[in-house]
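Some notes on the structure that comes next.
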């Protein structure tokens, strides 16, 4: 920074902030410059922190989201005021709805200019209230009112982001505070705080009650939600499942909580789940729900005839979650417990081994699950091996699975690349699938892959995304090229917002506003994302046949280069067996699904 006289025992807040972040173990900060945060960037230039520069703030938030999912720690976003903060809002909200820890540090106008409407201030209806833009979705939004308060606010921000049900927080800082001088001791005293809180567990009495009900049940099912991944409780879940041989269904966000080739994994429930899985959860006498919100699509809009029939005289529910508000939100519980899932499952495993030392065997159930998998695979075989071009989406997924290493990280977006993956694509390493769940944000996958690759540089990272999603923010390629990140983007290109086009076609027999202009030749689809990739300094491949896709993918993995593979795809709908209330809204007379005839 420009040399300034520094008083003894003090330093510039920007310098102190960078040292604080590094001291907490932060290695990367995602963001975009602006006149309100360049003091922090100047300090960062000579710090231990690496700034991941992006071309749009939404990219920074999604990349930070993917980074936090892989590391399990709060990521950091540095934002400019007003348009920078609103540009990032979609990505931060996506993280919020998926409970991803994140600390957003936003610059603001000078503290002494509140209400005067200086450059870029948001004050049409209130003064000094930029931070309130984030209030509906972050765990807390702070406006720093004096420089001396920043150290303790930063400490509170990280603690809150990472504790309980995780999520983003916002720290809004007037730009003049970054250039202020405050006592070093204000930051040093924060070092005495524990950097991670102890998490609540189950008492053994409650654990015995839960295990006792599962042992006595005739048709018990574990329902695993995204909370299992947030707690990184995969090993503990597997121990309980293996000892009591409990079948495991999962929500969209619970995908990958156990390897999909585990003999007791039933699959995903709900609208995009399978009939077999929905039947198991519907007919269960006891369900142990772990870290699930029972969201609408996962629960077939809560219609009791499709996925869950929970209530008195029906399925009985045990629900464990770190957040009390999630328990009983959508279904009545018989046993509700507030606990960290990793800690809770450790106790459940311990008690289960004591109560049933020899474990439980369910060979008929394992055989039934195996038979279903074989039937489901056989039903999809013709699509998975089809030489049709544009390609069948099932063939894209099948070839991708064969080419990917078992522990590769896959980010999805929305559409076939999310719903089809959750239903038909095997995940073998827990925590290796990153999905935009609650917000279902189009454009999440490509930058989330960048964050994941930065967090796990030695693992293969692939973004499976539609052309609509990739077109949201192709400037992510600039960051990948600059950082030399060997991310592979597979663009399933059907010249449409395909899922919505199919929905509109089914209910209104047209696709107005949901498809893109294209040439008659599918190889002339526009834009050409492979060419765009090369313009950004990445590699780009446009596949011209079904047979060419897998070799192109294998070559991209071997190259160690950021690569876009643009593959034309037939706009087939994802098969569905559950139900979604939107179908009733659009066609209240019934009988119309989510399937196109073209």
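The values are calculated or read from the model by the stated rules, or taken from the named source; none is laboratory data. Remember, it's a predicted structure, so these values are computed and weren't measured experimentally. Glycine also receives a Cβ, built like all others from the backbone with ideal geometry; neighbour counts cover every protein chain displayed.
Screening residue 249 with (1) touching a helix residue (DSSP H, G or I) at 6+ places or on another chain (Cβ under 6 Å); (2) touching a residue at least 60 places away in the same chain (Cβ under 8 Å); (3) part of a strand (DSSP E or B) gives one miss only, at (2).
Listed here are the residues, each with its yes/no results for (1) over 22 Å from residue 252 (Cβ atoms); (2) buried (at least 24 other Cβ atoms within 10 Å of the Cβ); (3) modelled with pLDDT of 95 or more.
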{"position": "447", "(1), (2), (3)": "no, yes, yes"}
{"position": "469", "(1), (2), (3)": "no, yes, yes"}
{"position": "481", "(1), (2), (3)": "yes, no, yes"}
{"position": "498", "(1), (2), (3)": "no, yes, no"}
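Applying the criterion of being out of contact with any helix residue (DSSP H, G or I) (no Cβ under 6 Å at 6 or more places or on another chain) and in a loop (DSSP other than H, G, I, E, B) to the residues of the stretch 268-297, the residue that is surrounded by the most Cβ atoms within 10 Å (Cβ to Cβ) is 273.
If you check 194, 126 for being farther than 23 Å from residue 324 by Cα, under 28 Å from the mean Cα position of the chain (by Cα) and surrounded by fewer than 17 Cβ atoms within 10 Å (Cβ to Cβ), only one passes: 194.
Of the strands (runs of 3 or more DSSP E) lying entirely inside the stretch 82-193, those containing at least 1 residues that are touching a strand residue (DSSP E or B) at 6+ places or on another chain (Cβ under 8 Å) and within 30 Å of residue 469 (Cβ to Cβ) span 102-108, 141-143, 168-174. In the condition set (1) touching a helix residue (DSSP H, G or I) at 6+ places or on another chain (Cβ under 8 Å); (2) surrounded by 15 or more Cβ atoms within 10 Å (Cβ to Cβ); (3) touching a residue at least 60 places away in the same chain (Cβ under 8 Å), residue 309 is compliant with all but (3). Residues that are in contact (Cβ under 8 Å) with a residue 12 or more places away in the chain, part of a loop (DSSP other than H, G, I, E, B) and surrounded by fewer than 24 Cβ atoms within 10 Å (Cβ to Cβ) do not occur anywhere in the stretch 413-424. Does residue 401 satisfy the condition of being surrounded by fewer than 23 Cβ atoms within 10 Å (Cβ to Cβ), modelled with pLDDT of 95 or more, assigned by TED's automatic domain parsing to the domain that holds residue 555 and in a helix (DSSP H, G or I)? Spelling it out, residue 401 is indeed surrounded by fewer than 23 Cβ atoms within 10 Å (Cβ to Cβ), modelled with pLDDT of 95 or more, assigned by TED's automatic domain parsing to the domain that holds residue 555 and in a helix (DSSP H, G or I). Counting the residues of the stretch 36-58 that are in contact with a strand residue (DSSP E or B) (Cβ under 8 Å, 6 or more places away or on another chain) and touching a residue at least 24 places away in the same chain (Cβ under 8 Å) gives 13. Taking the conditions (1) surrounded by fewer than 17 Cβ atoms within 10 Å (Cβ to Cβ); (2) not assigned by TED's automatic domain parsing to the domain that holds residue 278 in turn, residue 361 satisfies each one other than (2). Scanning the stretch 1-28 for residues that are within 20 Å of residue 64 (Cβ to Cβ), in contact with a strand residue (DSSP E or B) (Cβ under 6 Å, 6 or more places away or on another chain) and touching a residue at least 60 places away in the same chain (Cβ under 8 Å) yields a single hit, 28. Given the structure, is residue 118 free of Cβ contacts under 8 Å to residues at least 12 places away in the same chain and more than 30 Å from residue 226 (Cβ to Cβ)? So residue 118 passes the test.
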